[in-house]
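The values are calculated or read from the model by the stated rules, or taken from the named source; none is laboratory data. Since the structure is predicted, the reported quantities are computational estimates derived from the model, not experimental observations. Every residue, glycine among them, receives a Cβ derived from its backbone with ideal geometry; neighbour counts consider all protein chains shown. SASA here: full protein model, heavy atoms, side chains in, ligands and nucleic acids out. Shrake-Rupley method; radii C 1.70, N 1.55, O 1.52, S 1.80 Å.
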Amino acid sequence: MSARDYKPTLRLPDSPFSMKADLAKREPQWLERWKSNATYRAAMDAAILPPFVFHDGPPYANGDMHYGHVLNNTLKDFVTRFRLSVGHSVRFVPGWDCHGLPIEQNIERKLGAKKRELSTQQLRALCRDEAQKWVQIQSEQRQRIGMLGTWDEPYLTMQPRFEAQVMRALASFVDKGLLYRGRKPVWWSTAERTALAESELEYEEGHRSPSVYVRFAATQSAVDLLAKRFPTMRHSNVSLSAVIWTTTPWTLPANRALAVNPALEYVLLERPNDAGLTEYLLVAAALAESFIKACGWGAPESLPRTMHGAGEPLLGAELVGLAFLHPFESRESPIVSADYVEATAGTGVVHTAPGHGRDDYMTGTRNGLVVDSPVDDGGAFTEELGPVAQSWGLVGKHVFDGNPIIVEQLAALGVLCNRAGEEIVHSYPISWRSKKPLITRATVQWFIALDEPMASGAHQGRTLRDVALTEIDRLAAEGHAAAAAERDACGWVPAWGRERIHGMIAARPDWCISRQRAWGLPIPALHCVSCEKATITRALIEHVAAIVQAKGADAWYDPEVDVIPAGFACEHCGKSDGFTRDQNILDVWFESGSSFFAVCSEGKDLRIPVDLYLEGSDQHRGWFHSSLLVGIATLDQAPYNTVVTHGFVGEKVQRTLPDGRVKEQLVAISKSVINEKKSRGEDVSVYDPMKVIATDGAEILRLWVASNDFTGDVGLSARGFQQVREGYRAIRNVLRFLLQVLRGESPTPIDQLGHDLEPLDRWALGRLSALVTHCEQSYRRYEFRAVIGAVTEFVSDMSGFYLDVSKDWLYNDAPSSPRVRSSLAVIDAMARGLAMVLAPILPFTAEDLWDHLPKRTDDPTSVHLCRWKSLAEVSDFDALAQSVADIRAIRERVQGALEPMLQAWGAEKSGATKEQREPGADSARWPESARIDHARDVHATVEITLDESSRIAALGPVLSECLLLGDLTLRTGDSRLPPVIARGSTVACVRCRRRLPNVAASTSLCPRCTHAVDAWDAAQP
RNA sequence: GGGCCUAUAGCUCAACCGGUCAGAGCGCCCGUCUUAUAAUCGGGAGGUUCCGGGUUCGGGUCCCGGUAGGCCUACCA
């Protein structure tokens, strides 16, 4: 008689949800579906809470999406989706920064010489097209990673409406009396012919500059004073000079003073000069030796004698006011005092050209020095040079070409101490775009004053800097209060953001907001032809803003458009005709800093101040910083409530230190690095995010972001991605199993099942409930890593314990069995809970899960329309958790005893043929009773304590299932005694394969299976 | 040079106010089921918590000093 095949009577896992995610192919289909169903719009419309205003920091519209964007955009989308799901309306308006140097230079490079033939308007049109092109490309790339946003209505800094609003933001600075025009040294790029902002500088290591030591001869009065302090000094036939060191000889024509540190000691060096006479050189005592070496005077015949002041050392303070002579022009350079002079390099006497250095400028202002800067936009010397310098033919020469000429002339004049042509290697500022060295040059620029009392507004009388610092601290305080009260994170996230931006605001100079370029927003000021002064007023700005709003900023460059409002007059001379338009454009940071004002000040679901900014930590100096200043001008407060920052993406590279330790270094993913790898034949696919999307899917990138701690640096590696893929599979596999067990059937919802839930299911439900709560808190604190961590842990726990254990009845019981219905209700809740919790991070997978989930009538069509719902707590969860913990402890004891037997029999078995493995086969060395293939074959006898016994009572009925055993005998006694493991002596049920005492001889079925088969048979037609 | 930050198993991360043998997932090694199989389940190996001091009954956790790394910045004349 052949045994019946009971397999069809089992409730085995079954679902079309495939393990193969095929994300790269299927993600675009979901995107298309969400688009055509207007899912995002529907989610916003369903909002029940006030809007959550999340303002996008505009990426620069130039180049493809890189990993920095991936990190930033993905984090942003986690927030948008979570906030939507809890019921806020989140209108995320994606933006782009469109103006500025990089785009203008791209165009110029393409144009080459043709550039000169174009008008400003034509050039701007080309730039506009270029920016638009990249906006389009980046928009598609940002959407492809699953980012929600109003992509059909983005904001662009080159939109007329935006431009007009930026101008109005500028008017707020005018109102407060903070905008001024001044002549100040700024970093200047002679290649781009423009001033650069601090954020546009880079530093080049290993830059070579000339190094010159130059004599400034003393006037008679200086000689007289020094003679008093140095009694041994000779008076006749001597020369006396102060010596400076500089690496920018080209600034010497603009020298106006010599700076010394008042607290530093100075000495005279006595040596025979080249003409055989005695010369005295004034330098700082601490630097005398290095100076002598630098000049090559170390040889005995020329070694100078150091003279100290008689009695008391000669301090810099005593030198202040002494006059020395400019080395070639006929004028004096007085000695002035400056604290920043150090005894670390040079001579301790510092060449001061107020037109060519920020410190020099401040020193100059304090001492009433002339600020001259005889250099034009392109870096060529002008006729403002003194007569001697002009006679050297410097006019029209670039300053860096002027360097060798000046050095040569200094040598000819005999004022050079070291040899002409000597250089030093140091780091030097270069332009971020052209990589050409920069100069400091005094130019007329527009500035925003940080230390002027404000003329109007809520903070009238206080300075911009002061109010900004107060606002920074206010946000920090709110953040701390929220953390203490366990509310949603706000303020600076992470909290050290406060230190960063505070330090930067405290130390920054006035904000230079003008640039001398074409591709940007013009500064709407008018210059009076008769008095040559500039006027900018709110009325003028409002007038121009209205024109710009209607016609775009190009109108400023159109002579046909009248930009002068009625009744306009020069503020300085009162004339009402004869004006020219200012040719400066605004710093792009001013534009982006005004974006909250331009984008969020009006419109449905928008409001200022906004709730959230989320960008890389470089924006503490960039966007957060400029937005704060504009916020104070326009709103009298910070424009945001919360600022979240993330770190940077780089490849982790191992490096061996000299002491043998191995350290990791983060290397930016640059094109040159990738090409180098390519040439070595390495796999570089991981370095291009769009390529990763094309092969693995955006979901993998998103999970990668969520798996890393974004507050620091995020390392990128092929191995790291492999790990993320594995992590994804682990989650997906459990999701699949949940669906398989449900088999498309819709179980009774848990809230309707109530107390009919079995204890083990109540435990699992309690775990789920805790997971949902924990994830919600983590999302509210921007701790996405904790969400994934908790989900991974949960999923692994369910897979390894709860689901594994439940299989016994899920597979074998009759479908109507109460414990099957109980488990399915919880498994259904679990699938739904995981879909909800994962949706913000893995929107595609969550939707995939949702698509396959047995639906109820009130279920929305998309998981992204589901409202976040926390689950009721399980009242007896703590007791259940204790039971489960006890059971798992017992299980470990059993496993500990069982494992060696399984391993031994396994090893034996693998060495045997199939026939030898059959029960009763003679050749097998092991007795049948010792052959244990599986825990299910085992009858275990375990001793437990009385306490354990009472604590596990609730789960008593399913104890042997929880231990995954065939049969179990528990005895109260000494829990330290090892469990007794034996092959179950009884017959195994052919259907559920467990060795149980009462298996029917006729059918070889246990009672449970008999019942299940009967029920199955009865249900057959 | 300055400011801010970071440093825990091969990898990615945990560890509440300082307090039980520093945990998890992945990877690795051994074994297993064939009723989750592009799976599952069991077991195992892996850590001087960067280094050195200090405070403390007790330090991964606090303080000081180094080292390495990151971002930002600078008056290297």
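A few remarks follow.
- On the basis of the beta-carbon distance and an R0 of 41 Å, A:E342 and A:E542 show a calculated FRET efficiency of 0.25.
- Over chain A: Rg over Rh, Cα atoms, Kirkwood Rh: 1.12
- Rounded to the nearest 10 degrees, the inclination of helix A:877-910 to the longest alpha-carbon principal axis of chain A is 80 degrees.
- Per residue accessible area in Å² of chain A, where ligands, DNA and RNA are left out and the probe is 1.4 Å: 42 Å²
- Extension gain for A:Q752 to A:V990 (0.36 nm times residue separation, less C-alpha to C-alpha distance): 82.1 nm.
- One chain, two ends: A:R366 and A:K575. Fully extended at 0.36 nm per residue, the span grows by 71.8 nm beyond their Cα-Cα distance.
- Chymotrypsin sites (Phe, Trp or Tyr not before Pro) restricted to DSSP loop in the stretch A:335-392 with at most 13 other C-beta within 10 Å: A:Y340
- Acute angle (nearest 10 degrees) that the helix A:803-812 long axis makes with the longest principal axis of chain A, alpha-carbon atoms: 30 degrees
- Considering only A:G754, A:Y779, A:A814, and ranking their Cα positions along the charge dipole of the stretch A:717-875 that arises from unit charges at the beta-carbon of Lys, Arg, Asp and Glu, the one farthest toward the positive end is A:Y779.
- Here the calculated FRET efficiency for A:R607 and A:D152, from their Cβ-Cβ distance with R0 = 30 Å, stands at 0.90, rounded to the nearest 0.05.
- Modelled spin labels at A:R680 and A:F400, positioned 7 Å past Cα toward Cβ, are 3.2 nm from each other.
- Charging the Cβ of each Asp and Glu at -1 and of each Lys and Arg at +1, and nothing else, the dipole of the stretch A:717-875 about its Cα centre rounds to 460 debye.
- Rounded to the nearest 0.05, the FRET efficiency derived from the C-beta distance between A:R474 and A:R719 at R0 = 45 Å is 0.55.
- Whole-percent carbon and sulfur share, accessible surface of chain A, 1.4 Å: 51 percent
- Heavy atoms of A:K855 accessible to a 1.4 Å probe, total area in Å² rounded to 10: 80 Å²
- Among the listed pairs A:K397/A:K436; A:K652/A:K677; A:K435/A:K671, none has a Cα-Cα separation exceeding 21 Å.
- Using a probe of 1.4 Å on the protein chains alone, the accessible area found for A:H66 is around 100 Å².
- Projected label points at A:A42 and A:M690, each 7 Å from Cα along the beta carbon direction, are separated by 3.1 nanometres.
- Net dipole in debye of chain A [+1 Lys, Arg Cβ; -1 Asp, Glu Cβ; about Cα centre; nearest 20]: 1660 debye
- Computed lengthening from A:D878 to A:Q121, 0.36 nm per intervening residue step minus Cα-Cα distance: 265.2 nm
- Here's the picture: a label point sits 7 Å out from the Cα of A:A897 along the beta-carbon direction, and within the stretch A:933-949 the residues with their amide nitrogen under 15 Å of it are A:935-945.
- On Cα atoms only, tilt of A:160-175 relative to the major axis of chain A in degrees: 60 degrees
- Sequence-distant residues sharing a close amide H with A:I424 (under 5 Å, placed H): A:S209, A:S211
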